[in-house]
Amino acid sequence: MKYRAMSVLTAVSLLTGITCLQAQETMTVDEIVTKANHTAYYGGDDGKARVHMVITDKLGRTRERDFTILRKDLQDGGEQKFYVYFNDPSDVRKMVYMVWKHIGSDDDRWLYLPALDLVRRVAASDRRSSFVGSHFVYEDVSGRSIEEDTHTLEETTDEFFKIKNVPKDPSIVEFSYYYIWIDKENFMPVKAEYYNKQDTLYRKVEALQVEDIQGIPTVTKSQVTDIEAGGNTVSTFSEVQYNVGIDESIFTERYLRRPPREWIR
């Protein structure tokens with residue numbers, strides 16, 4: 001009886017695996033990209049994490065950043081809000097970066113500079129600029145809208161979907177196109193390579209470590225490499241939690257100057 005039960009379970013498992021593979025094969029490229037975007041940026045209804053960032057320049061010199069990131073989804077796969085509070089070092093402590101992510105229009109971004117007691121709007125034209133001196137850009141925090149690019153399925157292997165992404169408006173970005181490798185098992189984007197106007201690879205983003213947290217695939221270590229100028233930035237995520245009940249009121253200008261202590265400790 002035990003053997004028979006095991007055989008039935010094995011058969012069900014095999015059938016489930018075959019069904020999943022068949023579903024993957026019939027997905028359109030836009031469906032793949034949409035699912036990958038959801039996996040990367042919409043885990044749970046909200047989330048928080050501590051981030052330790054190490055920035056290494058082309059000469060091997062390093063700087064570090066420690067911050068807390070909060071996220072609130074207003075709509076699954078749609079509008080989101082992000083709040084980033086810098087804990088250390090002293091030159092960035094108490095600085096806050098906030099994003100209201102929109103679908104179909106430019107995101108709203110604010111940066112609070114405590115040394116000047118100044119709230120500054122981050123212009124849409126600056127979203128591809130360096131994020132606090134790192135090799136990440138502002139747009140990396142909340143993600144690039146999938147509607148801004150045209151997607152083509154370039155290759156399918158046993159492990160990955162390789163997608164080519166071409167900006168619909170190339171005048172507002174520094175890249176000509178980029179490739180993304182998406183894990184077929186969990187639909188997590190694990191690598192991106194950016195090519196400049198001269199068709200040369202100049203920037204690479206990689207998920208160095210992916211873990212299952214509360215049943216949600218989560219990047220816990222990532223790296224951006226500047227191939228053109230040299231140097232890289234590694235971000236390590238800890239204390240990751242989902243569905244913690246973050247109040248939407250936190251994502252307002254009031255909390256740029258008065259950070260919510262209960263969430264950033």
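The values are calculated or read from the model by the stated rules, or taken from the named source; none is laboratory data. Computed from a prediction, not measured in an experiment: that's the story for all the values here. All Cβ positions, glycine included, derive from the backbone under ideal geometry; neighbour counts span all protein chains shown.
With crowded, with 16+ Cβ neighbours inside 10 Å, without any contact (Cβ under 8 Å) to a residue 60 or more places away in the chain, aromatic (F, W, Y) and touching a Lys or Arg at 6+ places or on another chain (Cβ under 6 Å) as the only criterion, which of Y194, Y202 stands out? Please lay out each step first, then the result.
On the way: Y202 fails: touching a Lys or Arg at 6+ places or on another chain (Cβ under 6 Å).
Result of the check over Y194, Y202: Y194.
Counting residues in region 160-175 that are within 16 Å of Y41 (Cα to Cα) and among the small types (G, A, S) gives zero. Taking the conditions exactly as written (out of contact with any Cys (no Cβ under 7 Å at 6 or more places or on another chain), surrounded by fewer than 16 Cβ atoms within 10 Å (Cβ to Cβ) and either under 24 Å from P189 (Cβ atoms) or modelled with pLDDT of 95 or more (or both)), does T252 satisfy them or not? It is true that T252 is out of contact with any Cys (no Cβ under 7 Å at 6 or more places or on another chain), surrounded by fewer than 16 Cβ atoms within 10 Å (Cβ to Cβ) and either under 24 Å from P189 (Cβ atoms) or modelled with pLDDT of 95 or more (or both). Screening R50 with (1) touching a residue at least 24 places away in the same chain (Cβ under 8 Å); (2) over 20 Å from D108 (Cα atoms); (3) in a loop (DSSP other than H, G, I, E, B) gives one miss only, at (3). Checking region 168-184 against the condition returns no match, with no residue being more than 26 Å from E79 (Cα to Cα), of a type in the set (A, V, I, L, M, F, W, C) and surrounded by fewer than 17 Cβ atoms within 10 Å (Cβ to Cβ).
Please indicate, with yes or no, whether at least one residue in region 214-227 is loosely packed, with under 14 Cβ neighbours inside 10 Å and under 20 Å from D76 (Cβ atoms). Yes, because at least one residue in region 214-227 is loosely packed, with under 14 Cβ neighbours inside 10 Å and under 20 Å from D76 (Cβ atoms).
Of the residues that make up region 54-73, is at least one among the small types (G, A, S), over 21 Å from V122 (Cβ atoms), surrounded by 14 or more Cβ atoms within 10 Å (Cβ to Cβ) and at pLDDT 95 or above? No: region 54-73 contains no residue that is among the small types (G, A, S), over 21 Å from V122 (Cβ atoms), surrounded by 14 or more Cβ atoms within 10 Å (Cβ to Cβ) and at pLDDT 95 or above. Applying the condition of being among the small types (G, A, S) and outside any helix (DSSP H, G or I) to region 129-146 and asking which residue is surrounded by the most Cβ atoms within 10 Å (Cβ to Cβ) yields S134. For region 64-80, residues that are within 15 Å of the chain's Cα centre (by Cα), closer than 18 Å to G245 by Cβ and not charged (D, E, K, R) total 4. The residues in region 37-82 that are closer than 19 Å to S249 by Cα and hydrophobic (A, V, I, L, M, F, W, C) can be counted, and the count is 5. A Cβ distance below 7 Å, combined with a sequence gap of six or more or placement on separate chains, defines the contacts here; from region 216-230, residues that are closer than 13 Å to D140 by Cβ reach residues that are of a type in the set (D, E) and in a strand (DSSP E or B) in the pairs S222/E206; Q223/E206.
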